[in-house]
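Asks: Below is one structure. I have some questions about it.
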Amino acid sequence: MKYYIDFDNTLFNTPLLTNAMLTLISNEIFKEHSSLNFDEVYAECKSMFNREHIYNIYNIYELALYFSEKYNLDSEKVRKNLNHIIANTEDFLYEDSIDFLKKLKEAGHNLYILSHDANSLTYQSAKISGSGIANYFDALYITSVPKYTLDINYEDGIFIDDNPSDLLGLYSKNPIQVIRIRREGNKYSSKEIDNSNIKEYKTLSEIVL
């Protein structure tokens, strides 16, 4: 069987990584400007790292450059420290991710990452590489277009994702099965899906293989 598995918020705790990177930038600002309030600095960084923000900075490197210029930081140092975090993201995997992938591989299934990033495919690739899970997969599909518009045979696959719009789009391609991972407190966890054929689980470990 072919399993196509989403990365962010399915295998990987993306909000935890985001917090680590924003904290790093905030710390660099605070070290140079200790008279500032750290919580206010962090709040400013967080508010800027948002697709809906007027400046639309949803690239961590552009955000770092913006604050480096604003607060007169060493931009290369900040970038280097961000790269170190991104290159070592094993601890940001959910606790059940590795066990789930191992069970699928031991059962003889073919595994594929199916990940979307509209801003930077290089950044997404770096996150996946840093997590150390690439070797579990037969191929990595990292795309800037909707996941359900690719040149793959959807009808012979099982798709696991957390994003309601992606799940519904994938379901429209007549796959074998579509599974939603609805981890508590995550970005899309409060959104309902009006499709009883899409099975929902709070964790990967709840899925019966």
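Asks: Residue check, I60 against (1) within 18 Å of A126 (Cα to Cα); (2) modelled with pLDDT of 95 or more; (3) of a type in the set (A, V, I, L, M, F, W, C), all met but one. Which one?
Replies: Result: I60 fails condition (2) only.
Asks: Any residue in the range 141-159 that is closer than 21 Å to K103 by Cβ, in contact (Cβ under 8 Å) with a residue 12 or more places away in the chain and assigned to a loop (DSSP other than H, G, I, E, B)?
Replies: no
Asks: Quick one: which of F49, F30 is open to solvent by less than 30 Å² (accessible area, probe 1.4 Å) and modelled with pLDDT under 95?
Replies: Result of the check over F49, F30: F49.
Okay, residues lined up against (1) in a helix (DSSP H, G or I); (2) closer than 30 Å to I158 by Cβ; (3) out of contact with any His (no Cβ under 7 Å at 6 or more places or on another chain); (4) among the aliphatic types (A, V, I, L, M):
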position: Y3; (1), (2), (3), (4): no, yes, no, no
position: L16; (1), (2), (3), (4): yes, yes, yes, yes
position: A20; (1), (2), (3), (4): yes, no, yes, yes
position: T23; (1), (2), (3), (4): yes, no, yes, no
position: N27; (1), (2), (3), (4): yes, no, yes, no
position: S35; (1), (2), (3), (4): no, no, yes, no
position: E40; (1), (2), (3), (4): yes, no, yes, no
position: E44; (1), (2), (3), (4): yes, no, yes, no
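Asks: Among the residues of the range 131-162, which ones are within 19 Å of I86 (Cβ to Cβ) and either within 12 Å of the chain's Cα centre (by Cα) or of a type in the set (S, T, N, Q) (or both)?
Replies: Within the range 131-162, S131, N135, I142, S144 qualify.
Asks: Being in contact with a helix residue (DSSP H, G or I) (Cβ under 9 Å, 6 or more places away or on another chain), closer than 25 Å to A134 by Cα and part of a loop (DSSP other than H, G, I, E, B) is the filter here; which residues of the range 59-108 pass it?
Replies: Within the range 59-108, N59, A87, N88, T89, Y94, E95, D96 meet the criteria.
Asks: Suppose we keep only residues that are within 21 Å of the chain's Cα centre (by Cα) and among the aromatic types (F, W, Y) within the range 63-98. Which one would you say is nearest to A43 (Cα to Cα)?
Replies: F92
Asks: Let me ask you something else. Can you say whether Y42 is buried (at least 20 other Cβ atoms within 10 Å of the Cβ) and on the phi < 0 side of the Ramachandran plot, as far as the supplied structure shows?
Replies: Answer is no for this residue.
Asks: Moving on. Hey, N13 hits all of (1) within 25 Å of L111 (Cα to Cα); (2) open to solvent by less than 30 Å² (accessible area, probe 1.4 Å); (3) of a type in the set (S, T, N, Q) but one; which does it fall short on?
Replies: Unmet condition: (2).
Asks: Restricting the search to the range 147-183, which residues are in contact with a helix residue (DSSP H, G or I) (Cβ under 6 Å, 6 or more places away or on another chain) and either among the basic types (K, R) or open to solvent by less than 60 Å² (accessible area, probe 1.4 Å) (or both)?
Replies: Across the range 147-183, the qualifying residues are K147, F159, D161, D166, G169, L170, K173, P175, V178, R180.
Asks: Out of the range 90-127, which residues are under 17 Å from T18 (Cβ atoms), touching a residue at least 24 places away in the same chain (Cβ under 8 Å) and either open to solvent by 80 Å² or more (accessible area, probe 1.4 Å) or of a type outside the set (A, V, I, L, M) (or both)?
Replies: Selection gives E90, F92, Y94, S115, H116, D117, N119, S120, Y123, Q124, K127.
The values are calculated or read from the model by the stated rules, or taken from the named source; none is laboratory data. Quick caveat, the model's predicted, so the values are computed rather than measured. With ideal geometry, Cβ positions are generated from the backbone for all residues, glycine too; neighbour counts draw on all protein chains shown. In case anyone asks, the SASA skips ligands and DNA or RNA and just uses the protein heavy atoms, side chains included. Shrake-Rupley method; radii C 1.70, N 1.55, O 1.52, S 1.80 Å.
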